[in-house]
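The values are calculated or read from the model by the stated rules, or taken from the named source; none is laboratory data. Just so it is clear, the model here is predicted, and its values are computed rather than measured. Here Cβ is always computed from backbone atoms with ideal geometry, including for glycine, and neighbour counts include all displayed protein chains. The protein model used for the area step is the full one, side chains on, heavy atoms only, and it has no ligands, DNA or RNA in it. Shrake-Rupley method; radii C 1.70, N 1.55, O 1.52, S 1.80 Å.
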Amino acid sequence: DNAGEWSLALAVDSSAVGLVPPSRDQLAAIADRGRESTAPAIGGCAQITMPVAPQVLSQDAAREYLADDRKYCLLCASRKVGGSLAEVWIFDEPDAPEAAFHVNNLLVVTQDLSRGLYLSLRLHDRTLQKVLKEEEQELLEPENRTVLLEHVFCSLDLSLSLPAPDGNPSGHGERLVMMGHRTAEVGPLHLDATGTLRMASAQPKGGLSTLKSGTDTLALPDLLAAAPASAPLALPAPGHAFDDENDGASMLALPAPSKLPMAVHIGGFVPDEDPLLAAPGIKAGHARFFAHREVCLGGLELALDLRTDDQGLAHVLTLRCTAGATGADAAEEQVLSVQIPADGEPTRAYLEHRTLCGVPVVITLAQYAFPHEVRAVVFDPKTQEEATLSAGSDDILPLVERSSRDRLSDAVEQLAKFGVLGPTCDFRVVPVGREIFPLDMTLRSLQAHALVVKTKLSHSANAVPSGDFASRELVFSCSRYILSPAVLADAASTKEVPVGVDLDKTPQLKLSLTKKGYCQDFTFSIEQVGVQDTLPHMIHIRDKLTTRPLGIFAEIRQVGDLRLLILFLDDAAPRALRLAIVEPTSGWCFQLVVVDEESAPSGSTKMAASMPRHELLQVFRRHISTKGALPPNLPMQALAITAGSQASAQQQQQQQQQQQ
């Protein structure tokens, strides 16, 4: 009031939430603790210090955890938590309980700078699904991990629990919680050299606070260091958000879920609405490449449209059947789209075997660096007819080495013919989830086996709980060092790091494959450890929505400091998803085969004969492979006769020369 005195009014209504209000003895005990506190007085009143409830980590364990340089810190920043300035760390915790079955395993540790107390909180997919709102569930997608970490950081708060009515003090006190709303706003976060998210202005001098190795000494920025050490503990009301004046940080609202970066799902799909019905001029204005053609293929009149999506992230080929479909085929899909990513190095190709209005077709969509163009080919295996559509630009891009393109072409042929790369391959069946064997983490990252994971790829709609439609299943995750096959073979035989190998200077990849719980949408994440300003590269594999899917994808991609060849084959004979990564300089290769436990209960990786796969391979050889191939209308038997006649003619010439 005007006289400078403060008054506090409390209203307790237990009928609304069904809770029992604290008794007079409990309130008196809280007041007694405040009067007995040795904390400095503020405004003539003693500061009330609340006990700390049991945490995930004890005070000593939290101190040791922060001092361990081997822990993988995802975020480090400062903000007010519960009214007090705190340092916040968010770690990736792959060894947490039940971590093998979750994609996100986060350990949040905060240090109250005024009291020196550590609070900790463990979050995984199940807990995050309960806290996040319905429109925020897409933050759990692997490509949105940076936004998820920022959202977790801005949603932290303190919760106070009173002793139980029976006097049992167990569990009462302060604990760290994640609220369903944001309790603070922070400035933009950026990756540092270690892959940790920090504030944009976070620099060693006057920037973000950093924890010195092996100590608890904090180097605070000038603004944060000026905060009073005796700042009182204040529990904010639900829904309260600190403003710019109180927090001393610039405001930056979380992007709306609809504004998050679009994930480019590789493969064919039926669009919700026909994109060709829009005005071509509007689409051409948003597209870098644009081409249109009407053809007759397999008795169908098709309109082909090649464009770039509105955000410039994907090249999209759309096929629309305008005439020719009769009978039951007329009721089938008459519009089909296929898309591939548009960012990164322009050397990639995707082939898929689909059925359009009852007619089987092989659809090819490829991007080339020189000349810079996107080319689409639609092939009818029955009539041996094909239609080509291409669009290019005048951009001058670095020329991709012929050796890299040859290596990628050979890898595609091997994967399509044999299902694996290399003449010999050592398969090893591993359980679903995070890799846990061998127990030594270093030896675990030096393995060179081709891994086989058995899982249930298909789920019926009524078999998935309604709350799990937004959930993701962790199929497999591991880490691998990039070394030559000879060095890895030496490590496998000696069970130790080979002599002369410095793992601190050896590139390391973190790999993970996740799957949506209700369909066959996969996401393959590739991340190089310890590279500054580098986000994980995501390969999104679309559900083909068919019982016999078939598609193959290959690209050259820069991930961190590494240039990798990335391939996948989504096949139905047997039902399996085959992934491969090749580092051409060292010859290192990683292979993962995910088989359906129902179609291949024994985990067999042998490929069955498949005519659609053979047709797809022939189209690849004619249009994409760096090696020449026969035109589609030349019979293989005629080739054998021609080759035999040429061989006999050469023998006759040699005999004549010898006689002379």
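Hey, PHE469 hits all of (1) surrounded by fewer than 16 Cβ atoms within 10 Å (Cβ to Cβ); (2) modelled with pLDDT of 90 or more; (3) hydrophobic (A, V, I, L, M, F, W, C) but one; which does it fall short on?
Of the numbered conditions (1) surrounded by fewer than 16 Cβ atoms within 10 Å (Cβ to Cβ); (2) modelled with pLDDT of 90 or more; (3) hydrophobic (A, V, I, L, M, F, W, C), the odd one out for PHE469 is (2).
In the range 287-301, what residues are farther than 16 Å from SER393 by Cβ, in contact with a Ser or Thr (Cβ under 7 Å, 6 or more places away or on another chain) and open to solvent by less than 40 Å² (accessible area, probe 1.4 Å)? Write out each step before concluding.
Applying the first criterion (farther than 16 Å from SER393 by Cβ) to the range 287-301 yields 292-301.
Add one more test, that the residue is in contact with a Ser or Thr (Cβ under 7 Å, 6 or more places away or on another chain), and what stays is 298, 301.
Hit for the range 287-301 is GLY298, nothing else.
How many residues does the range 481-517 hold that are of a type in the set (Ser, Thr, Tyr), touching a residue at least 12 places away in the same chain (Cβ under 8 Å) and surrounded by fewer than 18 Cβ atoms within 10 Å (Cβ to Cβ)? Let's see the steps before the verdict.
Our first condition is that a residue be of a type in the set (Ser, Thr, Tyr); within the range 481-517, this holds for 481, 484, 493-494, 506, 512, 514.
Filter once more, keeping what is touching a residue at least 12 places away in the same chain (Cβ under 8 Å): 481, 484, 506, 512, 514.
Now narrow it down to the ones that are surrounded by fewer than 18 Cβ atoms within 10 Å (Cβ to Cβ): 484, 506.
Final tally of qualifying residues: 2.
Can you tell me which residue within the range 409-425, out of those that are polar (S, T, N, Q) and within 27 Å of the chain's Cα centre (by Cα), is farthest from ALA450 (Cα to Cα)?
To start, the set of residues in the range 409-425 that are polar (S, T, N, Q) comprises 409, 414, 424.
Those left that are additionally within 27 Å of the chain's Cα centre (by Cα): 409, 414.
Values: SER409: 20, GLN414: 15 Å.
The selected residue is SER409.
Quick one: which of ILE552, ILE539 is part of a strand (DSSP E or B), hydrophobic (A, V, I, L, M, F, W, C), more than 21 Å from LYS510 (Cβ to Cβ) and open to solvent by less than 20 Å² (accessible area, probe 1.4 Å)? Explain how you work it out, then say what you get.
Values: ILE539 fails: more than 21 Å from LYS510 (Cβ to Cβ).
Unique residue meeting the criteria: ILE552.
Report yes if ARG434 is open to solvent by less than 70 Å² (accessible area, probe 1.4 Å) and at pLDDT 95 or above, otherwise no. Quick ask: steps written out before the conclusion?
Numbers: open to solvent by less than 70 Å² (accessible area, probe 1.4 Å): yes; at pLDDT 95 or above: no.
Answer is no for this residue.
Tell me, yes or no, whether the range 90-98 has at least one residue that is touching a residue at least 40 places away in the same chain (Cβ under 8 Å), farther than 26 Å from ASP192 by Cα and surrounded by fewer than 19 Cβ atoms within 10 Å (Cβ to Cβ).
Let us first name the residues in the range 90-98 that are touching a residue at least 40 places away in the same chain (Cβ under 8 Å), namely 90, 94.
Now restrict to residues that are farther than 26 Å from ASP192 by Cα: none.
Within the range 90-98, none of the residues are touching a residue at least 40 places away in the same chain (Cβ under 8 Å), farther than 26 Å from ASP192 by Cα and surrounded by fewer than 19 Cβ atoms within 10 Å (Cβ to Cβ).
Listed here are the residues, each with its yes/no results for (1) in contact with a strand residue (DSSP E or B) (Cβ under 9 Å, 6 or more places away or on another chain); (2) touching a residue at least 40 places away in the same chain (Cβ under 8 Å).
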{"site": "LEU579", "(1), (2)": "yes, yes"}
{"site": "GLY587", "(1), (2)": "no, yes"}
{"site": "VAL594", "(1), (2)": "yes, yes"}
{"site": "ALA609", "(1), (2)": "no, no"}
{"site": "HIS614", "(1), (2)": "no, no"}
{"site": "VAL619", "(1), (2)": "yes, yes"}
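Going residue by residue through the range 520-528, is there one that turns out to be open to solvent by 30 Å² or more (accessible area, probe 1.4 Å), at pLDDT below 90 and assigned to a loop (DSSP other than H, G, I, E, B)? Full working, then the answer.
Filtering the range 520-528 down to residues open to solvent by 30 Å² or more (accessible area, probe 1.4 Å) leaves 520.
This time we only want the ones that are at pLDDT below 90, so: none.
No.
Residue by residue through the range 119-141, note down the ones that are part of a helix (DSSP H, G or I) and hydrophobic (A, V, I, L, M, F, W, C).
Just the residues of the range 119-141 that are part of a helix (DSSP H, G or I), to begin with: 125-131, 134-140.
Within the range 119-141, LEU128, VAL131, LEU139, LEU140 qualify.
Which residues, counting only those in the range 53-101, are aliphatic (A, V, I, L, M), within 26 Å of GLY187 (Cα to Cα) and within 27 Å of the chain's Cα centre (by Cα)?
First, the residues of the range 53-101 that are aliphatic (A, V, I, L, M): 53, 56-57, 61-62, 66-67, 74-75, 77, 81, 85-86, 88, 90, 96, 99-100.
Still in the running and within 26 Å of GLY187 (Cα to Cα): 66, 74-75, 77, 81, 85-86, 88, 90.
Across the range 53-101, the qualifying residues are LEU66, LEU74, LEU75, ALA77, VAL88, ILE90.
Which members of the range 345-381 meet the condition of being aromatic (Phe, Trp, Tyr) and outside any loop (DSSP other than H, G, I, E, B)? Working first, answer last.
First pass over the range 345-381, keeping only residues aromatic (Phe, Trp, Tyr): 350, 368, 370, 379.
Result: TYR350, TYR368, PHE379.
In the range 348-368, what residues are within 26 Å of the chain's Cα centre (by Cα) and surrounded by fewer than 21 Cβ atoms within 10 Å (Cβ to Cβ)?
TYR368 - this is the single residue of the range 348-368 that is within 26 Å of the chain's Cα centre (by Cα) and surrounded by fewer than 21 Cβ atoms within 10 Å (Cβ to Cβ).
Identify all residues within the range 163-179 that are buried (at least 17 other Cβ atoms within 10 Å of the Cβ) and at pLDDT below 80; write none if there are none.
Result: PRO163, HIS172.
Going by the conditions given, is GLY422 more than 25 Å from LYS606 (Cα to Cα), modelled with pLDDT under 90, surrounded by fewer than 20 Cβ atoms within 10 Å (Cβ to Cβ) and of a type outside the set (Phe, Trp, Tyr)?
Numbers: more than 25 Å from LYS606 (Cα to Cα): no; modelled with pLDDT under 90: yes; surrounded by fewer than 20 Cβ atoms within 10 Å (Cβ to Cβ): yes; of a type outside the set (Phe, Trp, Tyr): yes.
So GLY422 fails the test.
For (1) acidic (Asp, Glu); (2) open to solvent by 10 Å² or more (accessible area, probe 1.4 Å); (3) in contact with a Ser or Thr (Cβ under 7 Å, 6 or more places away or on another chain); (4) at pLDDT 95 or above, each residue gets a yes or a no:
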| position | (1), (2), (3), (4) |
| --- | --- |
| GLY116 | no, yes, no, no |
| HIS124 | no, yes, no, no |
| GLU143 | yes, yes, no, no |
| LEU149 | no, no, no, no |
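When ALA600 is evaluated against the numbered criteria (1) at pLDDT below 90; (2) assigned to a helix (DSSP H, G or I); (3) open to solvent by less than 20 Å² (accessible area, probe 1.4 Å); (4) not hydroxyl-bearing (Ser, Thr, Tyr), which criterion, by number, is the only one it fails?
Every listed condition holds for ALA600 apart from (2).
Scan the range 127-154 and report the pairs whose first residue is over 22 Å from ASP521 (Cα atoms) and whose second residue is among the acidic types (Asp, Glu) and not in a helix (DSSP H, G or I), with Cβ atoms within less than 7 Å and a gap of 6+ or a chain change.
Qualifying pairs under 7 Å: CYS154/GLU185.
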